[in-house]
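Input: a single structure, listed below in structure tokens.
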Amino acid sequence: GYAFILILNTGLRRGELLALQWSDIDFSKKQLNVNKTVTRRMVNGSYIEVIEEPKTKTSIRTIPLNTKALDALTHLRELNGNSEWVVATQENKRVFVSAFFDALKNIQKKNHLPEFGPHALRHTFATRLYENGVRIDVISKLMGHSSVNMTYGYIHTSNEVLHEYMAKAILYNTEIELDD
């Protein structure tokens, strides 16, 4: 579960999280470095997972860690500190994508939550930042997007927030006399 909390507080992609090693975490600077990802490749008619450099230069980035992300990493270190992988199996091996999805489904079922994929947590990360007034270019950089246009597609603003923003919109000064 702490892996999903980490996605929710960093905006990491699933593959970036599963490729994350303890050497990528700097607890003293409160940041993590994204420099690799897990991808699935078709080889001889079946899929294998490989670790490689991210597709774009903007995906290689440093993400500052908030207190929730640091807390999740601390718990993961307690669980997986003997492994080189931040998200690891009980045998200290890297978690495969399918097992990662199964873990999320189990958490959802156990907690009577609707089903969603880990990518939805990335969308939630972007939306919450935007709703809290973070500039779109900053969100884009944190998420490793190549353009802010891509980031806009991740933001899903609720009607509540739209009403809040409209209440702040001042279209005219009420002290000015208006002709009827």
* What is the Cα radius of gyration of the range 10-62 over 2.2 N^0.38 Å, N being its residue count? -> 1.27
* Could you work out the longest stretch of the chain that avoids the trypsin sites (Lys or Arg not before Pro) located in DSSP loops with at most 13 other Cβ atoms within 10 Å? => 136-180
* Asked: Taking Cα pairs under 8 Å and at least six residues apart, what relative contact order does the chain come out at, in percent?
  -> 24
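Is there a quick way to get the dipole size of the range 39-111? I mean about its Cα centre, with the Cβ of Lys and Arg at +1 and of Asp and Glu at -1; what is the value in debye to the nearest 20?
300
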* Can you spot the lysines whose alpha carbon is less than 30 Å from LYS55's alpha carbon? Ignore those fewer than 8 places along the same chain. => LYS29, LYS30, LYS36, LYS68, LYS93, LYS105, LYS141
* Structure fact -> Sparse-neighbourhood loop hits (chymotrypsin sites (Phe, Trp or Tyr not before Pro), the range 88-128; DSSP loop; Cβ within 10 Å at most 16 others) -> PHE96, PHE116
* To do: For HIS75 and VAL134, calculate 0.36 nm times their separation in residues minus their Cα-Cα distance, and state this gained length in nm to one decimal.
  => 18.5 nm
* Asked: Roughly speaking, what % of Cα-Cα pairs in the range 1-102 are separated by over 20 Å, rounded to a whole number?
  -> 35
* Note down the nm distance, to one decimal, between modelled labels 7 Å out along Cα→Cβ at TYR152 and at TYR47. => 3.2
* Quote the FRET efficiency, to the nearest 0.05, computed for ASN111 versus PHE27 with a Förster distance R0 of 22 Å and r equal to the Cβ-Cβ distance. => 0.15
* Asked: Which label belongs to the value computed from this structure, given these candidates for mean projected area of the Cα convex hull in nm²: (i) 12.2; (ii) 10.5; (iii) 15.6?
  -> (iii)
* the chain: longest stretch without exposed GluC sites (Glu not before Pro) (DSSP loop, at most 16 other Cβ within 10 Å), sites themselves excluded? -> 1-83
* Asked: Using the heavy atoms of the protein chains alone and a 1.4 angstrom probe, what is the accessible area of the range 1-143 per residue in square angstrom?
  -> 58
* Asked: Roughly speaking, what is the stretch gain from GLU91 to ASN66, that is 0.36 nm per residue apart minus the C-alpha to C-alpha distance, in nm to one decimal?
  -> 6.1 nm
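Using a simple charge model, +1 on the beta-carbon of Lys and Arg, -1 on the beta-carbon of Asp and Glu, nothing else, what dipole does the range 1-139 show about its Cα centre, in debye to the nearest 20?
With Lys and Arg at +1 and Asp and Glu at -1, about 240 debye.
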* So what is the calculated 222 nm ellipticity per residue for the chain, using -39500 (n - 2.57) for each DSSP H run with n of 4 or more, over all residues, to the nearest 500 deg cm²/dmol? -> -13000 deg cm²/dmol
* Asked: Fully extended, how many nm does the chain gain between SER98 and GLU164 (0.36 nm per residue separation, minus their Cα-Cα distance)?
  -> 19.8 nm
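The values are calculated or read from the model by the stated rules, or taken from the named source; none is laboratory data. All of these numbers come straight from a predicted model, not from anything done at the bench. Because the Cβ atoms are built from the backbone with ideal geometry, glycine has one as well, and the counts that use them run over all protein chains shown. Surface areas here come from the heavy atoms of the whole protein model, side chains and all, with no ligands, DNA or RNA. Shrake-Rupley method; radii C 1.70, N 1.55, O 1.52, S 1.80 Å.
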